Amino acid sequence: MGRKQVWDQDEVLASAMRLFRRRGYLGASLRDLEEATGMHPGSLYRAFHSKEGLFSAALDAYNERVVEGRVRVHLRDAGDPVAGIRSFFTSAFDTGISPEPDPGCLLTNTAVESFTVPQAAPGVRRGLETIESGFADALTRARAQRLLPAELDVEESAAQLLALYQGLLVLVRSGTAAAKLHTITDGALASIGAGQAKTAKQVNEEEKR
């Protein structure tokens, strides 16, 4: 009869996510992982087979808990999809005053470091595709609501927003000033024609007449 599992996988993955966000794959040692998760080396190996296995599991959990959650709140469920796109960008850096440096996005950090852990490549692709799909959904709804130009190419614009967003996250990690990040966000919205079409308020007022 096998020994009963005494650790909680969700808590272990949450701890691993936090450590990998701060230190990256290469910077997080096995000892660091043991201390962060509270698991002994043998338990970590039995559960995840290797450091690479734990990293891949943590990235999958990050995609599910953080990336998909942010995409849903800001891009898929936003009543004003243009405002949702803006908040998706700004919520990455308008997080209040904290004494700790921003650890950045695990997905973006991993994309930069992916050559060191090729097993994580599928997780990186899934996360980026989730974000791009969320942008496409918001853009489609915004165009239908006449908040963006009717001739907007949704697929091309979603890819462009993804690239701009990933670049912004790298700047967040490097400590770029919030004012500059807001300017970049304004540029991202200008690139899709926000401001060239009617605002949500103008559309609503017209519909009430």
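Taking region 91-116 only, how many residues are at pLDDT below 80 and closer than 17 Å to residue 69 by Cα?
Here the count works out to 2.
Quick one: what pairs do we get from region 103-122, first residue without any contact (Cβ under 8 Å) to a residue 40 or more places away in the chain, second surrounded by fewer than 20 Cβ atoms within 10 Å (Cβ to Cβ) and not aliphatic (A, V, I, L, M), C-beta under 6 Å, 6+ apart or different chains?
121/114
Only one residue in 122, 103 is open to solvent by 30 Å² or more (accessible area, probe 1.4 Å), farther than 18 Å from residue 189 by Cα and assigned to a helix (DSSP H, G or I). Which one?
After applying the criteria, what remains is 122.
Tell me which residues, restricted to region 133-155, are open to solvent by 60 Å² or more (accessible area, probe 1.4 Å) and closer than 27 Å to residue 106 by Cβ.
Answer for region 133-155, where residues must be open to solvent by 60 Å² or more (accessible area, probe 1.4 Å) and closer than 27 Å to residue 106 by Cβ: just 155.
For residue 60, state whether it is out of contact with any strand residue (DSSP E or B) (no Cβ under 9 Å at 6 or more places or on another chain), open to solvent by 60 Å² or more (accessible area, probe 1.4 Å) and within 19 Å of residue 11 (Cα to Cα). It would help to see each step written out before you state the result.
Values: out of contact with any strand residue (DSSP E or B) (no Cβ under 9 Å at 6 or more places or on another chain): yes; open to solvent by 60 Å² or more (accessible area, probe 1.4 Å): yes; within 19 Å of residue 11 (Cα to Cα): yes.
Criteria met by residue 60.
Consider residue 24 carefully, then state whether it is small (Gly, Ala, Ser), open to solvent by 20 Å² or more (accessible area, probe 1.4 Å), in contact (Cβ under 8 Å) with a residue 24 or more places away in the chain and touching a helix residue (DSSP H, G or I) at 6+ places or on another chain (Cβ under 8 Å).
no
Residues are listed down the side, and each one gets a yes or a no for (1) at pLDDT 90 or above; (2) among the basic types (Lys, Arg):
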| residue | (1), (2) |
| --- | --- |
| 135 | yes, no |
| 140 | yes, no |
| 143 | yes, yes |
| 151 | yes, no |
| 156 | yes, no |
| 162 | yes, no |
| 182 | yes, no |
| 199 | no, no |
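Would you check if residue 95 is among the β-branched types (Val, Ile, Thr) and assigned to a helix (DSSP H, G or I)?
no
Among the residues of region 148-167, write down those that are in contact with a Gly (Cβ under 9 Å, 6 or more places away or on another chain) and farther than 18 Å from residue 187 by Cβ.
If the condition is that a residue be in contact with a Gly (Cβ under 9 Å, 6 or more places away or on another chain) and farther than 18 Å from residue 187 by Cβ, then 151 is the only one that fits.
Pick from region 5-21 the residues that are more than 19 Å from residue 113 (Cβ to Cβ) and in a helix (DSSP H, G or I): which of them is least open to solvent (accessible area, probe 1.4 Å)? Lay out the reasoning, then the answer.
Kept after step one, since they are more than 19 Å from residue 113 (Cβ to Cβ), are these residues of region 5-21: 5-12, 14-15.
This time we only want the ones that are in a helix (DSSP H, G or I), so: 9-12, 14-15.
Working: 9: 93, 10: 94, 11: 126, 12: 5, 14: 22, 15: 21 Å².
Applying the filter and picking the extreme gives 12.
I'd like the residue in region 63-77 that is among the hydrophobic types (A, V, I, L, M, F, W, C) and open to solvent by 20 Å² or more (accessible area, probe 1.4 Å) and, out of all such residues, is farthest from residue 123 (Cα to Cα).
Step one: of region 63-77, the residues among the hydrophobic types (A, V, I, L, M, F, W, C) are 66-67, 71, 73, 75.
With the extra rule that they be open to solvent by 20 Å² or more (accessible area, probe 1.4 Å), the set shrinks to 66, 73.
On the way: 66: 13, 73: 21 Å.
Checking each candidate, the answer is 73.
Name the single residue, out of those in region 161-189 being among the polar types (S, T, N, Q) and more than 21 Å from residue 134 (Cα to Cα), that is surrounded by the most Cβ atoms within 10 Å (Cβ to Cβ).
176
Just checking, which of 108, 116 is closer than 30 Å to residue 28 by Cβ and more than 20 Å from the chain's Cα centre (by Cα)? Lay out the reasoning, then the answer.
Working: 108 fails: more than 20 Å from the chain's Cα centre (by Cα).
Result of the check over 108, 116: 116.
The values are calculated or read from the model by the stated rules, or taken from the named source; none is laboratory data. Bear in mind that the values here come from a model prediction, so they are computed numbers and not experimental data. Using ideal geometry, Cβ is built from the backbone for each residue, glycine included, and neighbour counts are taken over all protein chains shown. Just the protein is used for accessible areas: all its heavy atoms, side chains included, with ligands, DNA and RNA removed. Shrake-Rupley method; radii C 1.70, N 1.55, O 1.52, S 1.80 Å.
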